[in-house]
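One structure below.
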Amino acid sequence: MRLNTVHIILVCLFTFLSFTMKPQSWDGVYSDGVSYLTMEEVDKSVVGIFIDAEHKEYKVNLQFTEKGLYGYLGSFYAYIPYDTEKLKLYITTADADKNPLWDKASIFELDYYSDLNGATQDESFEYNWSPIHQFGQDFYPSFVLATSTMTNEINFETDDQQYGYYGDRNGYFGVQVEGIPAGSTVTVVIEGAPFINPSTYEVILTQPGINEIYPVLEYDFNALKSIDQAQPVNVKYALYLNGQLLDTKLEVVWTRSVNDAVTYARDHHGNEYNFEFMFAAYVNENEPGLDPILGQILGEGAVDSWTGYQGTTEDVLKQVFALWYHFQRKGFRYSDISTQSGTDDMSFGQTVRFVKDAINSSQANCIDGTVLFASFLYKIGINVSIVMVPGHAYLAFLGDEGGNAKYALETTMMGSLSQAQSQGRASANLDITSSSNSFQAALGEGTKNYMEAYPHIQQNEPRYMEINIGEARSNKVRPIK
């Protein structure tokens, strides 16, 4: 009887201690060097954030129970027992009856890393940090405008990276930090008046070593659209550690004209990017000046309606010719103004006139003329593409909706086949037959060139590309203005 009584007393005491014993405080950051768990006691529960090795964040909400902390980690079940040398975090799902499957749980053994302010046993550390510009010292407003609605279509974060990456996956400006302990809260603020409003991003570092942080920048898009010539801009960077300002830096970046389309760039890691799709951003089917011109053309005798693919292939060709005839009558001429100079070797691009500027100036280079025709034809429902070959660009389009006939047009020949055009004068009385002959010649030359370029395009050879405007719009490449 005495032994049984003692046994009962010991069992009751153990049960009481198991229920009441827990660490004095669960506040702090715990880590295994890859994953991080931040916990804070609030009233009778523990809340926090768990960050896994892939930088995914999960909200933590746990309650005190007899044997440990029990609750939820995001949509998963979570459990932390009291009586372990290291903090053990069990994470699992549930069966159809919502019973946690603890026998299939993932187990993370975590050491205490720091308190919630990032203070560790050794507060002293050396750190370095520097601003990052994706394309060297050149800033291209056109790139920001054209890709403003993209999310994962462009990703400057590589799969084999050896550094932590936080924030905007398409970030243009950011900072690189090195030597700041994992578990620390780092805040980055970037501003560059008048084009970039103060933009803040805060993150808990999940790994030591090198980390890159890119705030989602609050651009003034109207200000970016108004940049008609290159100019320097001061970009200010501020770095905070656990709420305390560490340092600020000021960088001067060379802001390009909005007419400069970046077509190639290398980032600070040496990765190369081809951005020929940028030319699709200068095609603007929404330009208000298109409708009045389309109305004028109907009175010039080449076509009496805009029908897109509702008729035959011959009807499609008549609509393309109607544009050709109109711009020949207006005295359009070829102007070989095509390149723009960069300030370093990290990027390269080309100057492209906007549709309304080409119309007002009555001149266009190969890409300007292609963009001009593509804007009109895409607006009336014709499937058009910009064809890029080494040193040149021209227009391609489908002759029928099913894609059974394809043509290409050398818009640079628009002014060279007419005496009026060669003299840079408009010719309202231009003979429609002469214009048709020049159109047929440009159509033949363009289609022949396209057939020669097509195998190179299919093999994705460098500097050969076909940029379909419809596909570019589907991929969220928007008209700049």
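Restricting attention to the stretch 86-129, the residues that are at pLDDT 80 or above and either polar (S, T, N, Q) or farther than 30 Å from Glu212 by Cβ (or both) add up to 20. Please go through the stretch 449-461 and give me each residue that is open to solvent by 30 Å² or more (accessible area, probe 1.4 Å) and either in contact (Cβ under 8 Å) with a residue 24 or more places away in the chain or of a type in the set (S, T, N, Q) (or both), ordered by number. Residues satisfying the conditions are Asn449, His456, Gln458, Gln459, Asn460.
Quick grid of which residues meet (1) more than 30 Å from Ser474 (Cβ to Cβ); (2) in contact with a strand residue (DSSP E or B) (Cβ under 6 Å, 6 or more places away or on another chain); (3) at pLDDT below 95:
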site	(1), (2), (3)
Asn155	no, no, yes
Thr158	no, no, yes
Tyr166	no, yes, yes
Asn170	no, no, yes
Val175	yes, yes, no
Glu178	yes, yes, yes
Ala193	yes, no, yes
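When Tyr309 is tested against (1) in a helix (DSSP H, G or I); (2) open to solvent by 10 Å² or more (accessible area, probe 1.4 Å); (3) modelled with pLDDT of 95 or more; (4) within 29 Å of Tyr464 (Cα to Cα), only condition (1) is not met.
Yes/no matrix, rows are residues, columns are (1) in a helix (DSSP H, G or I); (2) modelled with pLDDT under 90; (3) polar (S, T, N, Q); (4) more than 27 Å from Phe275 (Cα to Cα):
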position	(1), (2), (3), (4)
Thr412	yes, yes, yes, no
Leu417	no, yes, no, yes
Gln421	yes, yes, yes, yes
Leu443	yes, no, no, yes
Asn449	yes, no, yes, no
His456	yes, no, no, no
Asn460	no, yes, yes, no
Glu466	no, no, no, no
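Taking only the stretch 367-396 into account, find how many residues are in contact with a strand residue (DSSP E or B) (Cβ under 8 Å, 6 or more places away or on another chain) and open to solvent by 10 Å² or more (accessible area, probe 1.4 Å). Reasoning before the result, please.
Restricting attention to the stretch 367-396, the residues satisfying the condition of being in contact with a strand residue (DSSP E or B) (Cβ under 8 Å, 6 or more places away or on another chain) are 367, 369-374, 377-378, 382-388, 393-396.
Next, only the ones that are open to solvent by 10 Å² or more (accessible area, probe 1.4 Å) stay: 378, 383, 388.
Total satisfying the criteria: 3.
Filter the stretch 292-306 down to the residues that are assigned to a loop (DSSP other than H, G, I, E, B), open to solvent by less than 40 Å² (accessible area, probe 1.4 Å) and either among the polar types (S, T, N, Q) or more than 21 Å from Ala408 (Cβ to Cβ) (or both) and list them by number. Matches in the stretch 292-306: Glu300 only.
For (1) of a type in the set (Asp, Glu); (2) in contact (Cβ under 8 Å) with a residue 60 or more places away in the chain; (3) touching a helix residue (DSSP H, G or I) at 6+ places or on another chain (Cβ under 7 Å); (4) surrounded by 14 or more Cβ atoms within 10 Å (Cβ to Cβ), each residue gets a yes or a no:
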residue	(1), (2), (3), (4)
Ile180	no, yes, no, yes
Thr187	no, no, no, yes
Asn197	no, no, no, yes
Ile204	no, yes, no, yes
Ser226	no, no, no, no
Gln229	no, no, no, no
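This table checks each residue for (1) buried (at least 19 other Cβ atoms within 10 Å of the Cβ); (2) over 28 Å from Pro198 (Cα atoms); (3) not polar (S, T, N, Q).
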residue	(1), (2), (3)
Asn259	yes, no, no
Val262	yes, no, yes
Glu272	no, yes, yes
Phe275	yes, no, yes
Tyr282	yes, yes, yes
Glu285	no, yes, yes
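Restricting the stretch 51-85 to residues that are at pLDDT below 90 and open to solvent by 80 Å² or more (accessible area, probe 1.4 Å) leaves a set whose member that is farthest from Tyr112 (Cα to Cα) is Glu66.
The values are calculated or read from the model by the stated rules, or taken from the named source; none is laboratory data. It should be emphasised that the depicted structure is a prediction, and the values quoted were computed from it without experimental measurement. Positions of Cβ are generated from backbone atoms using ideal geometry, with glycine treated the same way; all protein chains shown enter the neighbour counts. These area figures cover heavy atoms from the full protein model, side chains too; ligands, DNA and RNA do not enter into them. Shrake-Rupley method; radii C 1.70, N 1.55, O 1.52, S 1.80 Å.
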